[in-house]
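No value in this document is a laboratory result; all are computed from the given coordinates. Keep in mind it's a predicted model, so treat the numbers as computed, not measured. Methodologically, a virtual Cβ is constructed for each residue, glycine included, from the backbone with ideal geometry; neighbour enumeration extends over all protein chains shown.
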């Protein structure tokens, strides 16, 4: 019995974010829907137009929806420079984003593929969650806190370093998200992403 309890506690700790998210969904089923978006050409045009309006007199900030921000993050069919992604959704949190996508496994480095048990399917569900903060104008910084592949946790730091290596970006776990140059500052919130005008 003690071993079972220890295993349950360990599982609860590993999946604490997912359990918390599930609990919020039970209490308020629409909460996740309201803060989740998917990239599209229309949403990208809307986001670009809003950011352009920051240059107009009197516009100090704008608010992007989850779909508009997702369209900026997922640029030309890639995420963080990684190709082979499909069915992307982005859920906004308090300074965090949770990205769910289907990833072509032949694009995964062998060291990550080797960590997946059993046969690897052509496409696997990947969930990435972490804090996103401004780094400099036109660049956000995303630090992974949780990585799930096929529902199984992988070491977030290792995944971030590998992604940085294969894309030629940061290799210390700080992954850069390229944004329009007009984005000088921002803050991710469940109700949307506030984009602030920088100093002219």
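In this label model, residue 135 and residue 181 are separated by 1.8 nm, measuring between points 7 Å along each Cα→Cβ vector. Straightening the chain between residue 123 and residue 83 buys 13.1 nm, computed as 0.36 nm per residue apart minus the Cα-Cα spacing.
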